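The structure under discussion appears below in the form of structure tokens.
The values are calculated or read from the model by the stated rules, or taken from the named source; none is laboratory data. On a predicted model such as this, the values are computed, not experimentally measured, just so you know. Glycine also receives a Cβ, built like all others from the backbone with ideal geometry; neighbour counts cover every protein chain displayed. Accessible surface is based on the protein model in full, side chains and every heavy atom, while ligands, DNA and RNA are left aside. Shrake-Rupley method; radii C 1.70, N 1.55, O 1.52, S 1.80 Å.
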Amino acid sequence: MSRERPKRGTLPPAQENIEKLEKVVEEGNYYGAQQMYKSISARYVSAQRYSEALDLLQSGACNQLKHGQVTCGAELAALFVDTLVKGRFPYDDEILARVRKIYKEFPRIPVPQQLGDLDDMQQLSETLGAAKTCVEGCSSFLKAALKWSAEFGAPRVGAPEIHVMLANYIYFESPEVDMVRVSHHFIRGNNPKEFASTLVNFMGKCYPGEDDLAIARAILMYLSLGNLRDANNLMDEIKKQVESKQLDFPQSELIQFISFLLQTLLRDALPLFNMLRAKYKSSLDREPTFHELLDEIAEKFYGVRRRNPLQGMGMFGEIFKMMGGE
């Protein structure tokens, strides 16, 4: 121990380095600042001064992101999470607030809805490239945070608040919206009302016939986890928001099936469940993964075992496997 003290004594309080490096960033020396953030924070970690390393890395990530240095900011954000793991910091409101603060600094780049919104294809390509970089950087950071949270006190699939952050960023900032990924994170979140707002937003700009698919997918994904409460909350909230915005709620056969399904699951009615599946098969065939989700729902609510639970899960199964640790 006596040999370590002089080494620790060579490190000043983190705030001194934070103020010094803020000036380096302000001067536009982003690369130089990045190298110093990494090397100095590593020294705090080596000295087991994890809290100060976190302070430095959080400051660095936020400063770089504020100045549009997404790659640098994302790298420091990832190191922030890595330090949470090394220091074995438990998942709590304080750390969650720090994760959220970094998340909010990731840029929001307006992506044009029509090619005519930009002067030329080169500008369009640059805008889409920048948006993709932001989504990749933010997603990587939040996925790492989910993994940390699951290991240190959050639910097994990760902190629900972080799932909501990730769902929102993917939806609003991705050049191409992937509603399967968005829904995957929202159903592991804790905010059906916000999920409903996102779906209503999607309904206002999607192609004809995609709105009812998105709603049905979301409800079935909730139910495949055995979460009937939030499935009902989501449906009620969508209807409420659609009415308040004076929009048309989809009236397709697929939506009829979902409404009947939610009522059926409130009671022990496996024959009725099977009858509904048969009656609305043509509507469910619009997305083959619906049948896979319904098999999972039958197992959750009625104990109907799949013939081989390790196979036949298709696209959703693969997504769940890849994202299960998030």
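Here's the yes/no breakdown for (1) in contact with a strand residue (DSSP E or B) (Cβ under 8 Å, 6 or more places away or on another chain); (2) assigned to a helix (DSSP H, G or I); (3) over 27 Å from residue 202 (Cα atoms); (4) open to solvent by 80 Å² or more (accessible area, probe 1.4 Å):
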| residue | (1), (2), (3), (4) |
| --- | --- |
| 251 | no, no, no, yes |
| 263 | no, yes, no, yes |
| 267 | no, no, yes, yes |
| 271 | no, yes, yes, yes |
| 287 | no, no, no, no |
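Can you give me the number of residues within the range 1-29 that are over 11 Å from residue 44 (Cβ atoms), loosely packed, with under 13 Cβ neighbours inside 10 Å and modelled with pLDDT of 90 or more?
7
So which of 106, 89 is open to solvent by 10 Å² or more (accessible area, probe 1.4 Å), touching a residue at least 24 places away in the same chain (Cβ under 8 Å) and aromatic (Phe, Trp, Tyr)?
After applying the criteria, what remains is 89.
Select from the range 158-203 the residues that are farther than 23 Å from residue 134 by Cβ and modelled with pLDDT under 95 and list them in ascending order.
Passing the criteria: only 203.
What about residue 182, is it part of a helix (DSSP H, G or I) and in contact (Cβ under 8 Å) with a residue 24 or more places away in the chain?
No: the conditions fail for residue 182.
Only one residue in 138, 134 is of a type outside the set (D, E, K, R), over 14 Å from residue 185 (Cβ atoms) and crowded, with 19+ Cβ neighbours inside 10 Å, so which one is that?
Working: 138 fails: over 14 Å from residue 185 (Cβ atoms).
Testing whether each residue is of a type outside the set (D, E, K, R), over 14 Å from residue 185 (Cβ atoms) and crowded, with 19+ Cβ neighbours inside 10 Å leaves just 134.
Here are some residues: 152, 172. Which one is surrounded by fewer than 19 Cβ atoms within 10 Å (Cβ to Cβ), under 16 Å from the mean Cα position of the chain (by Cα) and more than 30 Å from residue 266 (Cα to Cα)?
Only one candidate qualifies: 172.
State the number of residues belonging to the range 185-233 that are assigned to a loop (DSSP other than H, G, I, E, B) and closer than 16 Å to residue 167 by Cβ. Don't jump to the end; show me each part of the working.
Step one: filter the range 185-233 for residues assigned to a loop (DSSP other than H, G, I, E, B), giving 187-191, 204-209, 225-227.
Next, only the ones that are closer than 16 Å to residue 167 by Cβ stay: 187-191, 225, 227.
Number satisfying all stated conditions: 7.
I need a count of the residues in the range 216-267 that are under 22 Å from the mean Cα position of the chain (by Cα) and β-branched (Val, Ile, Thr).
2
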